[in-house]
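Coordinate-derived values only; no laboratory data. Computed from a predicted model, the values in this text were never measured in an experiment. Because the Cβ atoms are built from the backbone with ideal geometry, glycine has one as well, and the counts that use them run over all protein chains shown.
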Amino acid sequence: MINQSFVIIDENTVILPPENISTPVGYALDMIVRDHKKVVGKAPKLVLSLDEGPDLIIRYASKEDDCPDWQEGYCFRFNLQNGKPVMHIIGNDDLGIIYGLLHYSKDYLGIDPFWFWANLPIQQKTEIKIPFKNFNSRKAKVKYRGWFVNDEVCLIGWKKEYPPTKEVWYPVFEALLRCGGNMVIPGTDLPKHGIHAELASEMGLWLTHHHAEPLGAEMFLRAYPGKQPNYQQNPELFENLWKEAIEKQKHQKIIWVLSFRGQGDAPFWQYAPEFDTPEKRGDMISKVVARQYELIRQSVDQPVCSMALYGEIAELYKEGHIKVPEGVIYIWADNGYGKMVSRRQGNENLRIPSLPTADDPGEHGIYYHITFHDLQASNHLTMYPSPPEMIIEEVEKAFEARADSYLLLNSGNIRPHLYPLDLISELWSKGTVNQEKHLEGFIRRLYQTGSKQIEQLYQSYFNQSIPYGEHEDDRAGEEFYHHPARKIIGHWLRGKVDIPLSKLFWATGEIPFDEQVLWFKNKCEDGQRGWEKLLQACRNLSAELGEEDQQRFYDQFTLHVELHVSGCKGFIALCNAYFHYEKQEYALAFVRVSQSIRHYNDSILALKRAEHGKWENFYRADWLTNVKSTLYSLDALRKFIRMQGDSPDFFLWYKDYLMPETEKYIYLENTHRNPLSDDELSNRLEELFIQRQDI
């Protein structure tokens, strides 16, 4: 009888919550109430007792439930209450209940984890039949798993209020919970009075810290302006900050980060040059970390602690110069491009393996990037540029090396990175993933039409990204078209073209400046052809999609391709301008820079097209890739070039190239002195040069 019964979910659904609703469970219950209203058109009735005939009972586990026996475990059980079919959503703890509720929301109400971030329509239903079928949750592969909402300038600039309010952070933490995450670093160096950390904690998440802000303490120079940030000179000042941070957070779920880097996420010895050997540096880091650990243990019973082996700290540890306290989780980091090796620092790229060996004791985890900001070639506004198979291979390799207790994923601004975020969520839950099946499922969740063709375009995207180096992870994100371009412009305007630009050696090697410019031109020309072909395929497919799918496809995919196309074209035009300039073909160089401005402005227009409805102003604070800074630099360059050939009256090019021959020798200067604007002059010159086949 029971096996053939159903629990009916409709506008008359009644829910019995736990007797004493904790704050985290309260937030999840609010989500379920909202989801019910969206799906069946009416919020469920919340009652206080069994006598009021609940359809759903939400409660903590008892022995009789035979619920999975681990933290965060949950299960679904069914029975008859007074002859009425009832579904029990049961959790071992707060997160168990939260995950159970969100599982119910996804599987039965049809609410996707990224419903908010992908603008997914909610399918309305008259009723939902849930069969009597018990369910037990699976234990996640990774114990502590979550997002570092880092370089989050789009989230910061989206709304006028600063620091970002609950309106911004709530959808971030909801999506993380729906992806099975339980840990977060909520932003980068935001004011301590902001709601971000408090809200994350209230929603049930573990909080952890940036490796440059050990223990979540205030930055030294912000707390003590004018003081020397040198632990050896001012140990009591550093320790006061650590003690304050511990006191403030000791009643929350914290994964304490032990670390010692300098101000601004740099090596500490920049402020303490006396630490001039690896032995001295490692000894100081070990001493500080041991003291941090001691202070935590004085105030917190059985604290969960981790230590970020990031950058120079990883190298010192590998060389045997750093001691990590017993019981602390070792956190290994990728290089920002998805490979588990040490990151590139300027032009230095040692690529030291960044995973534990069999001899390393204790628990281990990883800090991993699917978005990055390094002022070189990283992806910030666009999707991860390397094939997702590499993500899977690297993360699975980390798990095999026992780095599976902790996975912190750099999630950036969330909205541009949904696909790799979803891919990692399956990895941290199951430990492995089939890339083709996952992509197929992800695309079908996001699009109602054209899913097979969209899958093929996604695969083309990862194959199309520009390979700029010898390693498989040397794939260019959109920052490749901006930071090097601005460096080239600055070098040029400072009159240093006779010497190489050392800040580009990471890409070009040590070659003369004009060869460096040619190197970037060639790379972008190679990439442009494929990106333009992909963009045309996107536009052709978009015309066949449903109206809602068209906008979502643009926001989630075509936008990224357009940023690559406009970036390639803008950079190529800049390089062409340089070579004309070197030949003293100033008018041609002027036109090429104007073309570059037009192409880079296409990036701005593309971002604007993705700012519709609730996404208005989402890309307003593009301060990291910073397309507007590229345009600012180009505008300065264009004015500089015009000064070379059209100065002092800014009428010479008009006279030489545009004035009718019949007028050139008879005009009166006092009536022909209204110079054309840069844009108008460049447009008219471009038409002429195209006719003459000069460009």
**OP:** Extending each Cα 7 Å along its Cβ direction at A290 and E525, get the distance between those two points in nm, one decimal.
**Re:** 6.0 nm
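Checking a compactness column here: for the range 326-420, what do you get for Rg(Cα) / (2.2 N^0.38 Å), N being the number of residues? Can you show the working numbers first?
On the way: Rg = 13.6 Å, N = 95, 2.2 N^0.38 = 12.4 Å.
Rg over 2.2 N^0.38 Å, computed on Cα atoms: 1.10.
Kirkwood Rh over Cα pairs of the range 497-645 into Stokes-Einstein at 4 °C, 1.567 mPa s: D in µm²/s?
77 µm²/s
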Original post:
Out of the DSSP beta bridges found with both residues in the range 2-136, what percent are antiparallel (nearest 5)?
Top reply: 60 percent
Original post:
Given q = 0.19 Å⁻¹, what are the Debye log10 I(q)/I(0) values for the range 2-136, with equal point scatterers placed on the Cα positions and solvent ignored?
Top reply: -1.14
Original post:
Gap in Å between the Cα centre of the range 1-63 and the Cα centre of the range 508-549?
Top reply: 51 Å
Original post:
What are the semi-axes of the equivalent ellipsoid for the chain, taken as the square roots of 5 times the Cα gyration tensor eigenvalues, largest first, in whole Å?
Top reply: 51, 34, 22
Subject >> Farthest toward positive dipole pole in the range 428-543 [+1 Lys/Arg, -1 Asp/Glu at C-beta], among L439, S542, Y481 >> reply: S542
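How compact is the range 400-536 by the rule of thumb for globular proteins, expressed as Cα Rg over 2.2 N^0.38 Å?
So the range 400-536 has a normalised radius of gyration of 1.36.
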**OP:** Please check which bits of the range 176-207 a label hung off K227 would reach, taking the label as a point 7 Å along Cα-to-C-beta and the cut-off as backbone N under 19 Å.
**Re:** 192
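Once you charge only the Cβ atoms, +1 for Lys and Arg and -1 for Asp and Glu, what is the size of the charge dipole of the chain about its Cα centre, to the nearest 20 debye? All intermediate terms of the calculation are to be shown ahead of the outcome.
Values: 78 positive and 98 negative charges, 153 e Å.
That gives the chain a dipole magnitude of about 740 debye.
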Original post:
Against the longest alpha carbon principal axis of the chain, how many degrees, from 0 to 90 and to the nearest 10, is the axis of helix 278-299 turned?
Top reply: 40 degrees
Subject >> Approximate spin-label separation T357-L50, in nm, with each point projected 7 Å along Cα-to-Cβ >> reply: 6.1 nm
Original post:
According to a simple spin-label model (label point 7 Å from Cα along Cα-to-Cβ), what is the distance in nm between E510 and I690?
Top reply: 4.5 nm
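For the range 2-136, what is the charge dipole size about the Cα centre, in debye to the nearest 20, if Lys and Arg each add +1 at the Cβ and Asp and Glu each add -1 at the Cβ? Intermediate values should be presented prior to the final figure.
Values: 13 positive and 18 negative charges, 96 e Å.
That gives the range 2-136 a dipole magnitude of about 460 debye.
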**OP:** With unit charges on the beta carbon (Lys/Arg positive, Asp/Glu negative), name the residue among C154, T13, V86 whose Cα is farthest towards the positive pole of the charge dipole of the chain.
**Re:** T13
**OP:** Please give the length that would be gained between E548 and K125 if that part of the chain were fully extended, namely 0.36 nm times their separation in residues minus their C-alpha to C-alpha distance (nm, one decimal).
**Re:** 150.3 nm
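If N is the number of residues in the range 144-420, what value comes out of its Cα radius of gyration divided by 2.2 N^0.38 Å?
Details: Rg = 17.9 Å, N = 277, 2.2 N^0.38 = 18.6 Å.
Ratio of Rg to 2.2 N^0.38 Å for the range 144-420: 0.96.
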Original post:
Do any of K583/K639; K569/K628; K166/K253; K139/K166 go past 24 Å between their Cα atoms, and which?
Top reply: K139/K166
Original post:
Hey, what angle do you get for helix 94-107 against the long axis of the chain, alpha-carbon based, 0 to 90 degrees rounded to 10?
Top reply: 70 degrees
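Stretch L652-K84 to full length: gain in nm at 0.36 nm per residue minus the Cα-Cα span? Display every interim value, and only then the final one.
Working: separation 568, 0.36 × 568 = 204.48 nm, distance 9.04 nm.
Result for the pair: 195.4 nm of gain on full extension.
What do you get for trypsin sites (Lys or Arg not before Pro) in the range 467-512 restricted to DSSP loop and a cutoff of at most 10 other Cβ within 10 Å of the site's Cβ? The partial results should precede the final answer.
Details: sites: R475, R486, K487, R494, K496, K503; in loops: R494, K496.
Answer in residue order: R494.
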Original post:
Relative to the Cα centre, what is the charge dipole magnitude of the range 478-691, using +1 at the beta carbon of each Lys and Arg, -1 at the beta carbon of each Asp and Glu, and rounding to the nearest 20 debye?
Top reply: 480 debye
**OP:** Taking the chain as the reference, fit the longest principal axis to its C-alpha atoms, fit the long axis of helix 418-430 to the helix C-alpha atoms, and give the angle between the two in degrees, 0 to 90, nearest 10.
**Re:** 40 degrees
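Could you work out how much longer the chain between K430 and R444 gets when fully extended? Use 0.36 nm per residue separation minus the Cα distance between them, nm to one decimal. Intermediate results must be reported in sequence, preceding the final value.
Values: separation 14, 0.36 × 14 = 5.04 nm, distance 2.04 nm.
Length gained between K430 and R444: 3.0 nm.
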